[in-house]
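Here you go, one structure.
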Amino acid sequence: SSATFIWTTGSGVSQYWLYVGSTGVGSYNIYQASQGTSTSKTVSGLPSSGTIYVRLWSYISGSWQWNDYTYKAGGGTKAVMTSP
């Protein structure tokens, strides 16, 4: 399956790099590449179940900084009460 990852521009960021993996935090066995100044990327080849690990790198003032995110693949979405 595929998903589109979207992020904010941040402050002072001149370039982004994206890792997507399934083997642990910081992994990139599914996808890894420079995103230039783009703030979204559609990644295909995602597993239909399990955990997806995403690391978004930001190049700020000559150094790379990152944030890590985890997502659960598959399994559906639980119900949410909307009223009363």
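We did not get these values from a lab; they are worked out from the coordinates using the rules stated. Here the structure is a predicted model, which means the values were calculated and not measured. Note that we place each Cβ from the backbone using ideal geometry, even for glycine, and neighbour counts take in every protein chain shown.
If amide H atoms are built 1.01 Å from N in the plane of the peptide, which residues on other chains or at least 5 residues away come under 5 Å of the amide H of Ser22?
So Ser22 has HN proximity to Asn29, Ile30, Tyr53.
Report Rg/Rh for the chain, rounded to two decimals, where Rg is the Cα radius of gyration and Rh the Kirkwood radius.
That ratio equals 1.06.
In Å, what Rg and Dmax follow from the Cα atoms of the range 8-49?
That works out to 11.7, 36 Å for Rg and Dmax.
Amide H neighbours of Ala73 under 5 Å, at least 5 residues apart or on other chains, H built in the peptide plane: list them.
The list, which skips near neighbours in sequence, is Gly50, Thr51, Ile52.
How far apart, in nm, are the 7 Å Cα→Cβ label points at Tyr69 and Thr9?
So the two model labels end up 1.8 nm from each other.
Right, another one. Which FRET efficiency, nearest 0.05, do Thr23 and Ser1 yield, Cβ-Cβ r, R0 25 Å?
0.90
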